[in-house]
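K.L.:
Here it is, the structure, as structure tokens.
The values are calculated or read from the model by the stated rules, or taken from the named source; none is laboratory data. Just so you know, these numbers come straight off a predicted model, no measurement behind them. Here the Cβ positions follow ideal geometry from the backbone for every residue, glycine too, while neighbour counts run over all protein chains shown. Note: areas computed on protein heavy atoms with side chains; ligands, DNA, RNA excluded. Shrake-Rupley method; radii C 1.70, N 1.55, O 1.52, S 1.80 Å.
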Amino acid sequence: MRRSRRWLPGLLLVSPSIVAIGLFVYGLIFWNTRVAVSGKHDEVSPYGFDKGKNFVDLWHEPSWPGAVKHALLFTAVFVLGALLLGAFLAFLMDKGIRGEASFRVVYLFPMAVSFIASGVVWRWLMNPAPPQRAVGFNQLFDKLHLSGLANDWWQDPHWGMAAMALPAIWQMSGYVMALYLAGFRSVPEELREAARVDGASEWKVYRYVVFPQLRPVTLSALIILGHISLKVFDLIMAIAGKQIITYVPAIATYVEIFDRHDPANGATIATYLLLAVALLVIPYLVWSVRSERTR
């Protein structure tokens with residue numbers, strides 16, 4: 001009884017969370033995987049077992065390779081853009097500008113806005129109409145006599161997904177800024193002063209002293225942004241809807257399940273998304289555990 005008094009209260013405290021996670025996370029992952037390896041390609045056929053045939057047949061779908069390509073392009077532009085812009089904003093903040101607290105609020109505010117709301121606004125800003133009847137950026141370029149910068153934005157057949165990443169960069173760069181700013185402030189000032197005494201310029205201080213110590217911050221931001229980009233759905237739906245030119249795996253999952261009424265294909269795409277996220281998250285978790293053990 002004495003031993004149970006030590007661990008039983010804590011177990012009772014966390015047991016609701018354990019049950020909820022087990023049911024609504026791992027339970028649903030198991031059910032999704034079961035549907036993905038079944039032959040349930042309509043609402044009335046039995047589940048059965050197709051030996052993973054769905055995972056191979058999906059690549060023969062005309063729209064699937066394009067969806068993967070769009071997702072990779074969106075991920076590359078979004079992750080790189082948010083990292084660079086966030087690091088640049090954090091660098092400016094670290095230099096001690098006036099009104100730093102106000103700027104932090106301004107830069108972090110977009111993160112509080114849902115992707116649906118920002119998508120509606122950015123759909124207006126990235127209106128692809130020609131300058132003479134455009135709104136948003138194209139109209140602004142026309143007023144500034146920079147009509148050459150007007151373009152099709154997300155409707156461009158080759159780089160449309162790169163333009164689609166702009167709202168996501170705007171929304172998440174403030175979060176990355178907060179991560180980098182915390183990393184900048186954690187670097188001891190003595191190290192910076194020692195580098196300056198040795199003749200290093202301010203740029204070299206950041207390049208050789210500060211940034212090398214922010215690798216864990218960069219890795220954390222990379223994992224978080226990559227996870228967000230791979231399963232982006234609401235932003236694209238708010239801007240473009242279910243168009244083939246902005247087709248990504250998350251949109252494909254919705255279309256397969258709710259439009260084509262094919263649960264097996266929809267679950268297969270969802271499983272691919274889960275595996276893609278796992279390839280990012282699991283190595284990061286292993287690295288974090290090993291880092292904690294070596295400290």
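K.L.:
If you take the residues of the stretch 265-295 that are farther than 28 Å from GLN243 by Cβ and in contact (Cβ under 8 Å) with a residue 12 or more places away in the chain, which of them is surrounded by the most Cβ atoms within 10 Å (Cβ to Cβ)?
P.N.:
The residue in question is TYR284.
K.L.:
Further question: Exactly one condition in (1) open to solvent by less than 30 Å² (accessible area, probe 1.4 Å); (2) not in a loop (DSSP other than H, G, I, E, B) is false for SER45; which is it?
P.N.:
Going through the list (1) open to solvent by less than 30 Å² (accessible area, probe 1.4 Å); (2) not in a loop (DSSP other than H, G, I, E, B), SER45 breaks only (2).
K.L.:
Enumerate the helices (runs of 4 or more DSSP H) found wholly within the stretch 48-122, keeping only those where 1 or more residues are open to solvent by 50 Å² or more (accessible area, probe 1.4 Å) and small (Gly, Ala, Ser). If you could, list the steps in order and put the result at the bottom.
P.N.:
Working: elements: 53-57, 64-94, 100-108.
Where helices (runs of 4 or more DSSP H) fall fully within the stretch 48-122 and carry at least 1 residues being open to solvent by 50 Å² or more (accessible area, probe 1.4 Å) and small (Gly, Ala, Ser), they are 64-94, 100-108.
K.L.:
Condition first: of a type in the set (S, T, N, Q), out of contact with any helix residue (DSSP H, G or I) (no Cβ under 7 Å at 6 or more places or on another chain) and modelled with pLDDT of 85 or more. Now tell me which residues in the stretch 1-43 satisfy that. Full working, then the answer.
P.N.:
Here is the first cut: in the stretch 1-43, the ones of a type in the set (S, T, N, Q) are 4, 15, 17, 32-33, 38.
Now narrow it down to the ones that are out of contact with any helix residue (DSSP H, G or I) (no Cβ under 7 Å at 6 or more places or on another chain): 4, 15, 17.
Those that are of a type in the set (S, T, N, Q), out of contact with any helix residue (DSSP H, G or I) (no Cβ under 7 Å at 6 or more places or on another chain) and modelled with pLDDT of 85 or more: SER15, SER17.
Residue-by-condition table, conditions (1) closer than 23 Å to HIS70 by Cβ; (2) modelled with pLDDT of 95 or more; (3) of a type in the set (A, V, I, L, M); (4) touching a Gly at 6+ places or on another chain (Cβ under 7 Å):
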position: GLU256; (1), (2), (3), (4): yes, no, no, yes
position: HIS261; (1), (2), (3), (4): no, no, no, no
position: ALA264; (1), (2), (3), (4): yes, no, yes, yes
position: ALA270; (1), (2), (3), (4): yes, no, yes, no
position: LEU273; (1), (2), (3), (4): yes, no, yes, no
position: VAL277; (1), (2), (3), (4): yes, no, yes, no
position: ARG290; (1), (2), (3), (4): no, no, no, no
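K.L.:
Something else about it: Can you find even one residue in the stretch 3-16 that is within 25 Å of the chain's Cα centre (by Cα) and either polar (S, T, N, Q) or part of a helix (DSSP H, G or I) (or both)?
P.N.:
As a first pass, look at the stretch 3-16 and keep what is within 25 Å of the chain's Cα centre (by Cα): none.
No; the residues of the stretch 3-16 include none that is within 25 Å of the chain's Cα centre (by Cα) and either polar (S, T, N, Q) or part of a helix (DSSP H, G or I) (or both).
K.L.:
Now, a different point. Hey, can you tell me all the residues within the stretch 127-154 that are farther than 27 Å from HIS227 by Cβ and either under 22 Å from the mean Cα position of the chain (by Cα) or of a type in the set (Lys, Arg) (or both)? I'd like the intermediate steps shown before the answer.
P.N.:
Taking the stretch 127-154 first, the residues farther than 27 Å from HIS227 by Cβ are 127-152.
Result: ARG133, LYS143.
K.L.:
Please determine, by comparing only the residues of the stretch 253-264 that are assigned to a helix (DSSP H, G or I) and in contact with a His (Cβ under 8 Å, 6 or more places away or on another chain), which one is least open to solvent (accessible area, probe 1.4 Å). Walk me through it before giving the result.
P.N.:
Looking only at the stretch 253-264, we keep the residues that are assigned to a helix (DSSP H, G or I), and these are 253-259, 263-264.
From what is left, the residues that are in contact with a His (Cβ under 8 Å, 6 or more places away or on another chain) are 263-264.
Values: PRO263: 35, ALA264: 0 Å².
Looking at residues that are assigned to a helix (DSSP H, G or I) and in contact with a His (Cβ under 8 Å, 6 or more places away or on another chain), I get ALA264.
K.L.:
On to the next question. Could you figure out which of (1) assigned to a loop (DSSP other than H, G, I, E, B); (2) closer than 20 Å to TRP122 by Cα; (3) not small (Gly, Ala, Ser) isn't true of LEU225?
P.N.:
(1)
K.L.:
Then there is this: Examine the stretch 132-145 for a residue that is free of Cβ contacts under 8 Å to residues at least 40 places away in the same chain, surrounded by 15 or more Cβ atoms within 10 Å (Cβ to Cβ) and either touching an Asp or Glu at 6+ places or on another chain (Cβ under 7 Å) or aliphatic (A, V, I, L, M) (or both), and state whether such a residue exists. Working first, answer last.
P.N.:
Residues of the stretch 132-145 that are free of Cβ contacts under 8 Å to residues at least 40 places away in the same chain, as a first pass: 132-145.
Adding the requirement that they be surrounded by 15 or more Cβ atoms within 10 Å (Cβ to Cβ) leaves 134, 136-142.
Restricting the remaining residues to those that are either touching an Asp or Glu at 6+ places or on another chain (Cβ under 7 Å) or aliphatic (A, V, I, L, M) (or both) gives 134, 140.
Checking the stretch 132-145: at least one residue is free of Cβ contacts under 8 Å to residues at least 40 places away in the same chain, surrounded by 15 or more Cβ atoms within 10 Å (Cβ to Cβ) and either touching an Asp or Glu at 6+ places or on another chain (Cβ under 7 Å) or aliphatic (A, V, I, L, M) (or both).
K.L.:
Quickly run through the stretch 149-179 and pick out the residues that are under 10 Å from MET126 (Cα atoms), in contact (Cβ under 8 Å) with a residue 60 or more places away in the chain and surrounded by 21 or more Cβ atoms within 10 Å (Cβ to Cβ).
P.N.:
TRP154, MET164, PRO167
K.L.:
Then there is this: For GLY52, state whether it is more than 15 Å from the chain's Cα centre (by Cα), over 30 Å from MET172 (Cβ atoms) and among the small types (Gly, Ala, Ser). Break it down stepwise before answering.
P.N.:
On the way: more than 15 Å from the chain's Cα centre (by Cα): yes; over 30 Å from MET172 (Cβ atoms): yes; among the small types (Gly, Ala, Ser): yes.
Spelling it out, GLY52 is indeed more than 15 Å from the chain's Cα centre (by Cα), over 30 Å from MET172 (Cβ atoms) and among the small types (Gly, Ala, Ser).
K.L.:
From the list ALA182, ALA238, ALA250, ALA200, exactly one residue is open to solvent by 10 Å² or more (accessible area, probe 1.4 Å), among the aliphatic types (A, V, I, L, M) and in a loop (DSSP other than H, G, I, E, B). Which is it? Spell out the reasoning first.
P.N.:
Numbers: ALA182 fails: in a loop (DSSP other than H, G, I, E, B); ALA238 fails: in a loop (DSSP other than H, G, I, E, B); ALA250 fails: in a loop (DSSP other than H, G, I, E, B).
None of the others qualify; the one that does is ALA200.
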